[in-house]
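Just so it is clear, none of the values below were taken in a lab; they were calculated from the coordinates. The shown structure was predicted, so the numbers you read here are calculated from the model rather than taken from an experiment.
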Amino acid sequence: MYINAEKAGKYLEEKWGAATCPMCKCDKLVLSLPVYEINEYGVPAEAHRTAVMPLIAVMCDNCGLVLHVNAIAAGIVNEEK
């Protein structure tokens, strides 16, 4: 699933302001448009039919640090019922 880049960018700008990488202080951050799901490590694939967390990734273009934002909490995707 791909997200609306404008909506995600607006959310990050509103919450983060003039964002810089917390590790290297670079201001070149890249927003990933696909939404990812995170699952618990070591749990068999067939067991992942429970809740998942949809995430958008923000990566530092300098050092590669990746930060994740919960896409539901950010209002970027709707929670599936």
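Miscellaneous remarks
- Each residue of region 21-29 was assigned a 3J(HN,Hα) from its phi angle through the Karplus curve 6.51 cos²θ - 1.76 cosθ + 1.60 (θ = phi - 60°); the sequence is 5, x, 8, 10, 6, 5, 9, 9, 9 Hz, with glycine and proline shown as x.
- Calculated [θ] (222 nm, deg cm²/dmol) that DSSP helices of n ≥ 4 give over the chain, each run adding -39,500 (n - 2.57): -4500 deg cm²/dmol
- For Met53, the residues whose modelled amide H falls within less than 5 Å of its own, excluding neighbours fewer than 5 places apart on the same chain, are Ile38.
- Kirkwood-Stokes translational diffusion coefficient of the chain, alpha-carbon pairs, 25 °C, 0.890 mPa s, µm²/s: 178
- Computed from Cα atoms, the angle from the helix 5-16 axis to the main principal axis of the chain rounds to 70 degrees.
- For Ile72, residues with placed amide H under 5 Å, excluding near neighbours: Val77
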